[in-house]
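Step one of this worksheet: look at the structure below.
The values are calculated or read from the model by the stated rules, or taken from the named source; none is laboratory data. Bear in mind the structure is a predicted one, so any value in this text is a computation, not a measurement. Glycine gets a Cβ as well: all are built from the backbone with ideal geometry, and neighbour counts include every protein chain shown. Note: accessible area is taken over every heavy atom of the protein model, side chains too, but ligands, DNA and RNA are not part of it. Shrake-Rupley method; radii C 1.70, N 1.55, O 1.52, S 1.80 Å.
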Amino acid sequence: MIIRRIWISHLTYHPILAYNQYQDMSEPSLPLQITSFQEYQQVYDRSIADPEAFWAEQAETFHWHKPWDRVLDWNFTDPRVEWFQGGSLNITENCLDRHLTTRGDQTAILFEPNEPGDPEVKLSYTELHTAVCRVSNALRALGIGKGDRVCFYMPMVPELAVSVLACARIGAIHSVVFAGFSAQALADRVNDADCALIICSDYNRRGAKNIAVKDVVDDAIALGCPSVRHVLVHRNTGEAVKWNENLDRWYHEEVDGQPASCAAEVMQAEDVLFILYTSGSTGKPKGVVHTCGGYMVYTAFSFLNVFQYQPGDVYWCTADIGWITGHSYILYGPLLCGATTLMFEGVPTYPDASRFWQVCAKHKVNQFYTAPTAIRALMARGNRFVDGHDLSDLKVIGSVGEPINEEAWEWYHEHVGKGRVPIVDTWWQTETGGMMISGLGGLSPQKATFAGYPLPGVQMALIDKNSGEEVSGNPASGLLCVKFPWPSILRTTWGDHERCRTTYFTTVPGMYFTGDGARRDADGMYRIIGRVDDVINVSGHRLGTAEVENAINEHAQVVESAVVGYPHDIKGQGIYAYVIVADGVPAGDTLREEIVAMVRQEIGPIAKPDKIQFVDELPKTRSGKIMRRILRKVASGDTGALGDTSTLLNPEAVESVIAGVV
Ligand code: 6R9
């Protein structure tokens, strides 16, 4: 090996030599890839009997600067979870550098642009490495270093992937904000984490729309973001943007001309890798914190096993990098495993509802991963858009983000999988970092609407809501909890550890509570019922009802509001808002439009109510709590069985709410 290294360095410039001449450049090893259901059962048992040995074995397959002293140190009371304590690494060396000698020329990121006619972009592992190094150097030149927070507000373009990895390379903490959130929501997130830098694009193409991304960032800055030292603007469409001389810098001017190598920051396993904001049942969104070592090990292990990825396969996850699915299964998981990961700028219905299938056929996609809301939307457009496309390369198709209903599952199976391709229904969360319950593509038994069995190392439990006791045996149902840490569990919520404790670790003492309810069938397969808290899942996007109410209440004429989810054919859940307006204010469509505009301004279009019902009063308990249970039933059209309403402070409110249903 050493001889080859010296030989290469004399002949050509080789980027990996620049940072660490002791890097082992033999074929990178990968975590264990299970090959049968029987093996899964054996591995699962082993992983539970001795989790530390199991995860140490997986972790050893990565490149560490220093091995760990202790595999796991934890309690779910504080809570405190530390994996691979004392170990040091950089996740981007594992995503990039260690692949260079074996697959330097292989495509790492395959970019499919919004316009079908525009050229695709292929970045090989070598090119991606170089690009990441240049941006890393540019970030350092802008004064960004280890521990600084960098906020992203960008479309799905390669520069987003490259720059996120560049943060990880220099130890800066990335906080990607989905580029559909409003200026207010962006400012809230920037300020919560005191971000030093925002990286954005000028414009964002999405289908036929052209969204002025930089304008939103300007508006966020105008709202007050005192920690922001610079805004780095990527020229995407090239149209004119307003320019703030004090803050704004062009991405290409900062990045071009930077050296093509960059020493990676050596990170402790438990140093923060990123923050990702997600909605909860109360208050403002919280910044879920993931750390370097455990997240790396778990995303790679789960990617490899659930998708049964083989060298040379083309893998496509249609999520946006603004969500956890994009972090773990567009970027980190696939790149850690040396995969070719497809990144798509557009939307499923542009130019028409066959776009996904055209892209699958064009790039001979082998693994395809999308959300039920997309499946339902495409299903509604008709089979002619999917039938007839060559989907013969598909080996595994996946679903994530919300429960998949039977009809959508069957359609996916029949029309996309042609009855032949296994479906993996993957249950997990921003907080879990990686997939927790899922079939392993082609190995596990599958059953429509069931996510299946937990991944190795994942110890699920169902808890009886009333007794707080674990329900053992099958079938069973209850609150879905996890009993033991897995490597990519959230470590804290940014700046507020107490919130992490109360949200996840107090409902069921000693366990991580997911917020979901679930049941197990006689064979022990899990089916997720949905959220049991005040979180709604709209088109796979998590929103807190309180968050939407706060936005509605910002309207000057609104006195009070209550928001609930209701079943929606395409979105899974729609948003139903009950609104009380001030005396004498005409409640009609104009006010409805103003309320919708207010929500768009405060959160973004994903949170706008589908239905608004003006009411005189809201049914409340004697202690003044809104009876959401009743409002949910009314919004769902299920007014036959409202249960006992006699304990209400104002039972007559129920009648008037029912009478005014929209
Ligand atoms: C990865 C992701 C998490 C919530 C989760 C649950 C719902 C996700 C699911 C699913 C049923 C699945 N959810 N996957 N429900 N079946 N396969 O979506 O993370 O945005 O944090 O949402 O989504 O309710 O608690 P996140």
Scan the range 437-481 residue by residue and report those that are in contact (Cβ under 8 Å) with a residue 12 or more places away in the chain, away from the ligand (no atom under 16 Å from the Cβ) and among the aliphatic types (A, V, I, L, M). 443, 476
Could you tell me which numbered condition residue 346 fails, if it satisfies all but one of (1) closer than 21 Å to residue 424 by Cβ; (2) in contact with a helix residue (DSSP H, G or I) (Cβ under 7 Å, 6 or more places away or on another chain); (3) more than 16 Å from the ligand (Cβ to nearest atom)? (1)
Of the residues in the range 430-442, those that are surrounded by 19 or more Cβ atoms within 10 Å (Cβ to Cβ) and part of a loop (DSSP other than H, G, I, E, B) number 8
Under 7 Å by Cβ, and 6 or more places apart or on different chains, what pairs join a residue from the range 521-538 that is farther than 18 Å from residue 465 by Cα with one that is within 8 Å of the ligand (Cβ to nearest atom) and open to solvent by 30 Å² or more (accessible area, probe 1.4 Å)? 537/531
The condition from (1) more than 23 Å from the chain's Cα centre (by Cα); (2) surrounded by 19 or more Cβ atoms within 10 Å (Cβ to Cβ); (3) within 19 Å of residue 335 (Cα to Cα) that residue 162 misses is numbered (1)
Exclusive hit being open to solvent by less than 50 Å² (accessible area, probe 1.4 Å), over 20 Å from residue 164 (Cα atoms) and of a type in the set (Val, Ile, Thr), set 199, 221: 221
Going residue by residue through the range 176-193, is there one that turns out to be more than 19 Å from the chain's Cα centre (by Cα) and over 25 Å from residue 220 (Cα atoms)? no
Per the list (1) open to solvent by 10 Å² or more (accessible area, probe 1.4 Å); (2) in contact (Cβ under 8 Å) with a residue 60 or more places away in the chain, residue check on residue 157 breaks on (1)
Being assigned to a loop (DSSP other than H, G, I, E, B) and out of contact with any Cys (no Cβ under 7 Å at 6 or more places or on another chain) narrows 114, 94 down to just 114
Residues being away from the ligand (no atom under 16 Å from the Cβ) and either under 25 Å from residue 310 (Cα atoms) or among the basic types (Lys, Arg) (or both): count how many of those fall in the range 374-427. 17
Do we find a residue being within 16 Å of the ligand (Cβ to nearest atom), in contact with a helix residue (DSSP H, G or I) (Cβ under 8 Å, 6 or more places away or on another chain), closer than 26 Å to residue 321 by Cα and modelled with pLDDT of 95 or more anywhere in the range 357-369? yes
Looking only at the range 514-568, how many residues end up being within 11 Å of the ligand (Cβ to nearest atom) and charged (D, E, K, R)? 5
Tell me which residues, restricted to the range 488-513, are open to solvent by 30 Å² or more (accessible area, probe 1.4 Å), within 15 Å of the ligand (Cβ to nearest atom) and under 20 Å from the mean Cα position of the chain (by Cα). 503
Is it fair to say residue 189 is assigned to a helix (DSSP H, G or I), farther than 20 Å from residue 332 by Cβ and among the basic types (Lys, Arg)? yes
Would you mind stating whether residue 231 is within 20 Å of the chain's Cα centre (by Cα), β-branched (Val, Ile, Thr) and buried (at least 19 other Cβ atoms within 10 Å of the Cβ)? no
So, in the range 259-277, how many residues would count as being within 14 Å of the ligand (Cβ to nearest atom) and either at positive phi or open to solvent by 10 Å² or more (accessible area, probe 1.4 Å) (or both)? 1
Can you confirm whether the range 403-411 contains a residue that is open to solvent by 10 Å² or more (accessible area, probe 1.4 Å), within 29 Å of residue 490 (Cβ to Cβ), of a type in the set (Val, Ile, Thr) and not in a helix (DSSP H, G or I)? no
Single condition residue 254 does not satisfy, out of (1) over 30 Å from residue 493 (Cα atoms); (2) touching a strand residue (DSSP E or B) at 6+ places or on another chain (Cβ under 7 Å); (3) part of a strand (DSSP E or B): (3)
Any residue in the range 201-223 that is without any contact (Cβ under 8 Å) to a residue 60 or more places away in the chain and hydroxyl-bearing (Ser, Thr, Tyr)? yes
Answer yes if at least one residue in the range 577-589 is away from the ligand (no atom under 14 Å from the Cβ), under 29 Å from the mean Cα position of the chain (by Cα) and not in a helix (DSSP H, G or I), and no otherwise. yes
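Hey, which of the strands (runs of 3 or more DSSP E) in the range 446-524, taking only ones fully inside, have at least 2 residues that are farther than 22 Å from residue 48 by Cα?
Filter on the range 446-524 gives 512-520.
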